[in-house]
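Here's the structure we're looking at; comments come further down.
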Protein chains: 2
Amino acid sequence: MTWVTGAEGSPYGVHNLPYGVFRTADREPRVGVRVGDLVLDLGGAEAAGLVLAAGALGRPRLNEFLALGRPQWTAVRQRITELLTDSAHRAAVEPLLVPLAEVELLLPFEVADYVDFYSSEHHAANVGQIFRPGQPPLLPNWKHLPIGYHGRAGTVVVSGTPVVRPQGQRATPQGPVTGPSVRLDIEAEVGFVVGVPSPLGRPVAAGDFAEHVFGVVLVNDWSARDIQAWEYQPLGPFLGKSFATSVSAWVTPLEALGAAFVPAPDQDPPVADYLRDEPHLGLDLSLTVEWNGERVSQPPFATMYWTPAQQLAHLTVNGASLRTGDLYASGTVSGPERHQVGSFLELTWGGTEPVKVGGGETRTFLEDGDTVTITATAPGPDGTTLALGEVTGTIFPAR
Amino acid sequence: MTWVTGAEGSPYGVHNLPYGVFRTADREPRVGVRVGDLVLDLGGAEAAGLVLAAGALGRPRLNEFLALGRPQWTAVRQRITELLTDSAHRAAVEPLLVPLAEVELLLPFEVADYVDFYSSEHHAANVGQIFRPGQPPLLPNWKHLPIGYHGRAGTVVVSGTPVVRPQGQRATPQGPVTGPSVRLDIEAEVGFVVGVPSPLGRPVAAGDFAEHVFGVVLVNDWSARDIQAWEYQPLGPFLGKSFATSVSAWVTPLEALGAAFVPAPDQDPPVADYLRDEPHLGLDLSLTVEWNGERVSQPPFATMYWTPAQQLAHLTVNGASLRTGDLYASGTVSGPERHQVGSFLELTWGGTEPVKVGGGETRTFLEDGDTVTITATAPGPDGTTLALGEVTGTIFPAR
C-alpha cells in the first residue's frame, strides 16, 4: 500500500517504479521515478539525504546510476518503495512529488552503442514471404543465431520527439530517384538497457544477463522501406533506419518484471552452447500499436524466438565489450496473427492491403501528420498489471 | 624552419602536427601534437598560457577541442606553429616537449557513432568476383550511392591494442560450428573524424565537409570472414567486425593535407544532386600494409570512387545528425593491382593464393602472433612529404 494519492491500483503503482530523466520550469534535469501520475524527484531526494546513490540521481541522465550495478539498483528501489509506502516519510517526500503534466521528459540515458536484433520468427517469416515469395521464408542462418546489426546511437530520441520524414534514394522502374520516403513504416520493439560494462575480449554468459541489464524500454525503430530496399545489399540497413529511433521516456527495471518472465518458445534445431540459457525465459509483454488513435495491432512479446539473455550472449561471444548505456532492441515484435504484427509492412502486406486508422481514414504507410503510439502491459506481482512507458511520435513533412 | 631538434625534414615536421592524447609516468592524459620524435604537451602549454583553447587541451580526449570548430582549429594550429618556429618561444616551450618513447598514446577521441563505407570500386569488384563468380562484380546500387553501415563504436581501439581472435559461428559442410575464427583478415582504411555536430533533421551539404570534419586517422577494420559470411544475410556485418577496429593514435588535421587533395575519379552514371561535390576531390594518400614486417601491399587512396565529402552528404541526407567524435571510414582501400589491395581476402584471392610475409613464412589469413602495421604518406606543402600515424595490432589467441 502506498500513501501516494492515486497510485494504489494504478499500473504505475509502487510495484512498477520506472526510471526517467525530467525537468520542470524550476528544476534542472535529474532522475525521477514515476508513481501514479506523479514523478518522484530522486535528484531532490538524494540531495535531501532520503536516498543514497553516490550522487547519480542528480545527474541529467541515468548512466551514472546504471553503472552502479545490481546490488545498488536493488537497494535504491527498496529505499524508494519504503519512502512511498511508509507514511512516516510522507511529510518529507510529498514536496518531491511533481505532477507528470508539469514535467518535460528527456532521453533517459545517453546511448553508447545501439544494436537492433531480428528475433521474431513470425516477423522474419512475414518479411521473407513479402520480399522473396515462393522461397523458404527464413534464411538458413536464422535459427542458429540471433541476427542483428548496429544502428545509429546518435539518433535515438525520446518518445514525443517529432520524426521528420527522411529524404533518400529509392529504386523506380526508371532508375533511382532522390526524395522523401514514400514507404515510411514503424517497427514495434522492446529494448534492453545495459548498466554494467564488460571488458574487451571477454564474452558475457547468457546467465549473467541480469548482472548487466538494468531494464526495458519500448522502442519504435522507424523505417523507410523504400530507402532500405535500395541500399541494403550487401551491408544491411543504413539510412533507411538511421534518421530516428524513438524510445520510451521510462526505463522499467527488470526487478519490476519478475512475474513477467515466462518460458520462451522451444528452439529447434538446438542452439550452440553459448546460446543456451537455463531457464530459457522470455517476457510476457503485451504491446499495443495505435495509429492516429486507432488500435491496429497487439504484438505479443512472449512469442519471440530468441530471448534477451541469448541476444546478450551472442552480442559479446566475439569478445565485444559492453558499455554503460548500450541499448539492444529485440527487432520487430510480431505474433502469428495479422492483428499481432509490429510493422505496417506486415499489417498491410507490403502495402497491398490498406488498414483503417483513426479519423475514419485508411493507410498503407505513414502520411505526414500521422501519430503512432506503442504501449505495453505486463503481469505484475500478486495479480496486478503494470504498464511500460509509451513511445509515441508524429511524422513531420520532409524538409 | 623549426628550432625543434630533429624535426626539420622529418615527415612529422611542422607542416604536419597531428593531434593525439598521451600520458607519461608523471602527467595525466592530455592533448599533444607530434613534432619529429617528440610530443608537445598541449595541455601543459595551455595551462602555461602559451596557447588558448577554452581548456580543451588539458582534457583526456580530443572531443572538446574537436567541438570548437574550424576557426579555433586554425588559430590553435597557427599558434603551435609559431611556438615551434619562432626561437623566441624556445625557452618556454622546450620543457613541454616529451620524447615519444616516454609517452603512452591513448585512443585520441571518444567515438560517438562509427560508420564504415565501402567506397573502393576495385575492392567491391574483387569481393564480388570472389564471392559471386560469373555475376556482375558490382551490385546495381553501388555506383548510385556510397554503401555503408554502422559499426560498433565501443570497440574502436587505439593502435597497438592487442586483438584477441574472436570466437563465433561459421558455416561448415556439416552445419554451423562455434569456435575461433579461422579466416581473420584486415581492412586497410582511412577514417574521418567529425568535430562540429549538426542538428537532427538537417542534411549536411557535401560543400560543408571541412566545416564539420577535423581530420583523418588510419583505420584497420579487422574482419573475421568466416563469421561474417555466415551471419551477414540479410542485415549486414555484425560480430564479424565488432570485436575490434583499430585507429591510429594520431589525427592528422585536414589543414596539413592541403597539398594532398587531388581530383577524384570521374563518376559515371552521374550522381544525385546531393552527392555532387565541386570540386570533386579525393586525397592522395599512399598506404602501406606490412605483415610481420614484410611490405605486402600499397593501397592508393586516390583511387577511391566516393569522396569523403560525398560520404558525409550521404550519411546525413536522411536528416541523421552528426555528433562530435563521429568517425566514418572509407571502406577497404584497394587499387587496381593485386599489390595494391587493402585486405588479405583479396591479396590471397579468397585464401587460395598464399603470400610471403615476414620471417620467411607464408600466409592466407592471420595466425596468432601475427602483426599488421598500416602506414601512409601524403604530399605536403612545397614538395615535402608527411606521414600519417601508423595503425598496428598483433593477434592474440582466442580465449
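The values are calculated or read from the model by the stated rules, or taken from the named source; none is laboratory data. On a predicted model such as this, the values are computed, not experimentally measured, just so you know. Glycine gets a Cβ as well: all are built from the backbone with ideal geometry, and neighbour counts include every protein chain shown.
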Residue pairs meeting the criteria (Cβ under 7 Å; at least 6 apart or on separate chains; first surrounded by fewer than 16 Cβ atoms within 10 Å (Cβ to Cβ), in region B:19-40; second at pLDDT below 95): B:D37/B:G6
Lone unmet requirement of (1) farther than 23 Å from B:A224 by Cβ; (2) surrounded by 21 or more Cβ atoms within 10 Å (Cβ to Cβ); (3) of a type in the set (V, I, T) for B:V391: (1)
In region B:365-399, the residues that are of a type outside the set (F, W, Y), assigned to a strand (DSSP E or B) and within 14 Å of chain A (Cβ to nearest Cβ): B:G393, B:T394, B:I395
Top-ranked residue in region A:209-265 [being free of Cβ contacts under 8 Å to residues at least 40 places away in the same chain and not in a helix (DSSP H, G or I); ranked as nearest to B:Y114 (Cα to Cα)]: A:F238
So A:G179, is it of a type outside the set (A, V, I, L, M), part of a strand (DSSP E or B), closer than 23 Å to A:G236 by Cα and within 11 Å of another protein chain (Cβ to nearest Cβ): yes
Residues being free of Cβ contacts under 8 Å to residues at least 60 places away in the same chain and closer than 30 Å to A:T316 by Cα - total across region A:151-197: 1
One residue from A:V156, A:V190, A:V103 being within 14 Å of chain B (Cβ to nearest Cβ) and of a type in the set (V, I, T): A:V156
Residue among A:L200, A:L145 that is surrounded by 24 or more Cβ atoms within 10 Å (Cβ to Cβ), over 18 Å from A:F238 (Cβ atoms) and at the interface with chain B (Cβ under 7 Å from one of its Cβ atoms): A:L145
In region B:164-176, residue farthest from the other protein chains (Cβ to nearest Cβ) [restricted to those that are part of a loop (DSSP other than H, G, I, E, B) and within 25 Å of the chain's Cα centre (by Cα)]: B:R165
Qualifying position, being at pLDDT 95 or above, over 16 Å from B:N126 (Cα atoms) and among the polar types (S, T, N, Q), among B:T324, B:T352, B:T348, B:T332: B:T324
Residue among B:G49, B:G44 that alone is out of contact with any strand residue (DSSP E or B) (no Cβ under 6 Å at 6 or more places or on another chain) and assigned to a loop (DSSP other than H, G, I, E, B): B:G49
Given (1) outside any helix (DSSP H, G or I); (2) more than 14 Å from every other protein chain (Cβ to nearest Cβ); (3) at pLDDT 95 or above, number of the condition A:T161 does not satisfy: (2)
Residue check for B:P203: in the same structural domain as B:A387 (by TED's automatic domain parsing), touching a helix residue (DSSP H, G or I) at 6+ places or on another chain (Cβ under 7 Å) and under 29 Å from B:I130 (Cβ atoms): no
Residue in region A:285-305 that is surrounded by fewer than 24 Cβ atoms within 10 Å (Cβ to Cβ), under 30 Å from B:G240 (Cα atoms), more than 14 Å from the chain's Cα centre (by Cα) and of a type outside the set (F, W, Y) present: yes
